[in-house]
Every structure is written in C-alpha cells, then in structure tokens.
C-alpha cells in the first residue's frame, strides 16, 4: 500500500522554530495586556473629563487616577479579555478573535464613562439619589462637578451651583435637616457673595452635606461628600 501525504510522518519542529513560536506567544500576551491596560487608562481619563467638566483638569486627574486605579481595574478587565479570547477561538468567530478579546474590557470601562455622562446630563437625578430630596424644579444649573479620589477608596464629592426661588432654598434646608453653621469658607466659582452656611447634624453615615447661600436665598452652592 502506497503512503499518502497524510500517512507520512511530519518532521518535528526544530528548537529554533519552537523558540520562535514561544516568543510570538509571549509577545501576543504582552500586546493584549498592554492594550487592555490602555483601554482602562483612557476610560478613566475620559470619565474624569466628563465628571470635572474640564479637559485640562480631567486630563491631569485622569492620568493620576489611571496610575493608581488601573491595576485594580485589571483584576476584572484581564479575565474579561481572556474570556473574549476564548469566545473568539470558536471557529465561526476566529477571524474576529482579537476584536472580541478587547470588546469585553471595553464594555466594562464604558460602564464608568456612561455613569459619568448620565451624571453630567442629569445632575438632578444624582442630587436626589445622594440626598433623598427632590431637586428644585425651577432651578437653573450653573455648575456641576463630581470628583472622586485617585484610588479605589470610596472618597468623592459632588458640587452643585444653581439659582432657584428662595422658597425652594428654604425647603432644601428643611428637608435635608441642615443647621446653621459658621461663615462660608469655599466661595462658588461664579463669584457669588455667600452670606450663610448650613450643614447637617448627626448623620449616621460617612456622607456630609454643606449648603451655602447668598442674602436673597436664591443662589446656592451645595456640596455632598464622603470622606
């Protein structure tokens, strides 16, 4: 019986070929980890820009945040990349394997960016979620900033500057159970002259609220923060 090509023993790879394949595999792993790291870092920078409402401050804050936070994000992002690579190894998805590998980590990062965009365009909802008090319906938002720390530690602050009727200011003070405190210390960015400062008393959790208003009770600066 004549031998066919399938019956002929294939030559064993040489040590040089084995070493070359190993180098390619190590490079591919390094490349994938580097791209996933970049995805997480860029996502944090974009999230900072949206939350701070400033490209310059967001870039600096995002770079600082990525240096401290990206390693923790990789704990989730890298397994997602591995899962995407396994899905992409299926025959019908093989041609898209690289894209699928990066798609799941990208979706994970976009969750944070989406939350920042939601807070930017619907700050009233975040105000109600944080304080449990309805945001004034007739208020005119002047400035909104959300800041969080450079580490996974839950440390953040949310600042609102807006104009509303005096009766709404009185309602907020009453419903948030604030008490008169010392003189205002942090003037708003708008240059308003604030004459009163109110804060909470006896909250059981780590969140604090500070409210500053002018003499007419129509201009408000409110900061909610966790330390």
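Every number here is computed from the coordinates shown, using simple stated rules; none is lab data. Source: prediction; values computed, not measured. Quick reminder, even Gly has a Cβ in these numbers, built from the backbone with ideal geometry, and neighbours come from all protein chains shown.
Return the distance in nm (one decimal) between the two label points of a simple spin-label model at residue 12 and residue 111, each offset 7 Å from Cα along Cα→Cβ. Distance between the two pseudo-spin positions: 4.9 nm. Under the criterion of Cα pairs below 8 Å and six or more residues apart, the relative contact order for the range 15-120 equals 30 percent. The order of 122, 30, 135, going from fewest to most other C-beta atoms within 10 Å of their C-beta, is 30, 122, 135.
Over the chain, one equal point on each Cα, no solvent: what is log10 I(q)/I(0) by the Debye formula at q = 0.09, 0.16 Å⁻¹? The calculated log intensity ratios at q = 0.09, 0.16 Å⁻¹ are -0.54, -1.09. Springs join every pair of Cα atoms under 10 Å in this Gaussian network model of the chain, and among 70, 195, 101 the largest mean-square fluctuation is at 195. Taking every C-alpha pair closer than 8 Å and separated by at least 6 residues, the mean separation divided by the residue count of the chain gives a relative contact order of 14 percent. Rounded, prolate or oblate: which fits the range 90-168, taking a ≥ b ≥ c as square roots of the Cα gyration tensor eigenvalues, rounded meaning a/c under 1.5, else prolate when a/b beats b/c? Prolate. When the square roots of the Cα gyration tensor eigenvalues are ordered a ≥ b ≥ c, the ratio a/c for the range 123-226 is under 1.5, which makes its shape rounded. Extension gain, residue 76 to residue 141, is 19.8 nm, computed as 0.36 nm per intervening residue step minus the present C-alpha separation. Binning the alpha carbon pair distances of the range 39-171 at 5 angstrom intervals from zero yields the distribution 2, 10, 16, 17, 14, 12, 10, 8, 5, 3, 2, 1, 0, 0, expressed in whole percent. Extension gain, residue 193 to residue 207, is 2.4 nm, computed as 0.36 nm per intervening residue step minus the present C-alpha separation. To the nearest 0.05, how large is the calculated FRET efficiency for residue 28 and residue 68 if R₀ is 35 Å and r is the Cβ-Cβ distance? Once the sixth-power term is evaluated, E becomes 0.80. Counting beta carbons within 10 Å around each of 32, 147 and listing the fewest first gives the order 147, 32.
Measuring spread by the Cα atoms of the range 44-122 yields a radius of gyration and Dmax of 15.1, 46 Å.
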